Ligand SMILES: Cc1cc2nc3c(=O)[nH]c(=O)nc-3n(C[C@H](O)[C@H](O)[C@H](O)COP(=O)(O)OP(=O)(O)OC[C@H]3O[C@@H](n4cnc5c(N)ncnc54)[C@H](O)[C@@H]3O)c2cc1C
């Protein structure tokens, strides 16, 4: 016997039918369910998103709507503030309960607090579920009940905890009659445009196909190939985990099954290395949860107030964004990002270190640029990755370990395969020439700029700034 005649399921970053705890329980406990997505309203540009991401979101919503129709339901769409729109829907549908999955970000959590309050005001039930992570931040604490600041002990604890199995997909759903569905979001609503196909197919089915491909083709050799940007042998599941077109439980358990059936110890270890990345994701989410101030300042108080260059002086920031720095590995990464909404992890580290340590520009400038372009842009991971590279974050690279873009190329793209893929103007250049700066006054080719800085000299500037700051901070 259902508990409620009508309930609302508020879709957020959980755009799927399978292993969706809030939706699963709403459908089980209510005769009719209103699955609603509330589109945020803004125009033009946004510090945390851009056209590619919004196009991917639109594709995911269109696919979700089709999947809901397939099981007898529909996706209801509204535009505006979540509280106001949900309130109108509660009145209109006379819903007796609201269901949602919790968001790991501070903005999402603040919104949830207002929805709990709204449900209290209306005297209706509010059911919320853990969905975005395998373990929420309060589950993974030190022996003294404190948040971890270092990944390795965090991950040891994380791996030791029991991991919930995925729930089955919702197979049928009844929506109430007489309620306007509204229309699906379109890019034009935000005044945005995206020409051509997105490099990543949207929707739950495509996410599932990516997981299958990763399990069958990549994970057993993940350890040896994950740092090779030309091989592109990682899962590409980041965007799916961000928009919830696949559940992290499903990803983890499919990997665990593959590990159990691995032919060799080496393959098993390789899959474990992949699972460790899921723990990094939750480590950074926990850091953001316990230290929301990282969105405004350096995680490590020792480095607050460090000297950075003025981004308005000169065109270095623009050149970095456009991939015109004269450092082939950096430019290849920045062009991959612009063209595909993705950048390989190794190259994310190189480009981030380059912005902060060679150009001396604040990591927040890079953080925002990445969020605007990465389809997998995830506030916690991105902030964690940027602060790691800048040397200011939780368990960050020590400030003196400054990656040299030339030697990084020698290690990770020695044949220049990745570089040539994204910089066609260098197609005919001998890749050995990508491993060291060109002699002064020369260029790699007529169409490619000379390096805008001297890495060795800028490295010294960075070391000097960190040392001076530390000395000034000592009492
Ligand atoms: C400067 C910088 C910015 C970054 N920004 C983001 C971001 O906005 N969103 C994002 O998901 N990751 C970010 N990362 C981490 C990492 O680069 C991406 O998760 C990874 O490249 C995504 O590709 P994939 O899905 O094929 O990853 P895989 O290697 O297949 O890993 C599987 C999943 O594990 C998680 N993961 C992997 N590496 C990391 C990591 N180092 N930290 C946290 N989670 C990880 C991701 O969810 C990823 O999808 C950033 C790293 C750096 C250095």
Please state the Cα pair-distance histogram of segment 301-470 with 5 angstrom bins from zero: what percent is in each bin? 1, 9, 19, 23, 21, 15, 8, 3, 1, 0
Length-normalised contact order of the chain, Cα under 8 Å, at least 6 apart, in percent, tallies to 17
What distance in nm separates the two pseudo spin-label positions at residue 400 and residue 446, each 7 Å out from Cα along the beta-carbon direction? 4.7
I need the per residue convex hull volume for segment 328-424, using only the alpha carbons, in cubic angstrom as a whole number. 87
Once the convex hull of the alpha carbons of segment 69-138 is built, what does its volume come to per residue, in cubic angstrom? 122
Under the rule a/c < 1.5 gives rounded, and otherwise a/b versus b/c splits prolate from oblate, where does segment 267-376 land using the Cα gyration tensor? oblate
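For the chain, how big is Rg over Rh, using alpha carbon atoms and the Kirkwood form of Rh?
0.99
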Once you place label points 7 Å from the Cα toward the Cβ at residue 152 and residue 417, how far apart are they in nm? 3.2
Work out Dmax and Rg for segment 4-131 from the C-alpha atoms and quote the Rg first, both in angstrom. 14.3, 41
Quick check: pseudo-label points 7 Å beyond the Cα along Cα→Cβ at residue 470 and residue 183, how many nm apart are they? 5.9
Evaluate 2.2 N^0.38 Å with N set to the residue count of segment 101-237, then give the Cα radius of gyration divided by it. 1.45
Using 0.36 nm per residue of separation minus the Cα-Cα distance, give me the extension gain between residue 313 and residue 31 in nm, one decimal. 95.4 nm
Contact order relative to length of segment 1-97, as percent, for alpha carbon pairs under 8 angstrom and 6 or more apart: 38
Quick note, segment 225-279: a/c under 1.5 would make it rounded; otherwise a/b > b/c is prolate and the rest oblate (a ≥ b ≥ c, C-alpha gyration tensor); here it is oblate
What is the packing order of peptides 302-309, 222-229, taking the mean over residues of other C-beta atoms within 10 Å and listing the highest first? 222-229, 302-309
Arranged from highest to lowest average of other beta-carbon atoms within 10 Å per residue, in what order do the peptides 119-130, 204-215 appear? 204-215, 119-130
Once R0 is set to 35 Å, what does the formula 1/(1 + (r/R0)^6) return for the Cβ-Cβ distance between residue 113 and residue 302, expressed as a FRET efficiency to the nearest 0.05? 0.60
Determine the distance separating the Cα centre of segment 456-471 from the Cα centre of segment 37-77; give it in Å without decimals. 45
In deg cm²/dmol and to the nearest 500, what is the mean residue ellipticity at 222 nm of the chain if only DSSP H runs of at least 4 residues count, each as -39500 (n - 2.57), divided by the residue total? -14000 deg cm²/dmol
Over the chain, what is the percentage of antiparallel beta bridges among all DSSP beta bridges, to the nearest 5? 5
For segment 373-471, how big is Rg over Rh, using alpha carbon atoms and the Kirkwood form of Rh? 1.03
Please state the shape class of segment 157-255: rounded when a/c is under 1.5, otherwise prolate if a/b exceeds b/c and oblate if not, all from the C-alpha gyration tensor. oblate
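Every number in this text was worked out from the coordinates using simple rules, so none of it is lab data. Predicted model only: the values in this text are computed from it and were never measured. Every residue, glycine among them, receives a Cβ derived from its backbone with ideal geometry; neighbour counts consider all protein chains shown.
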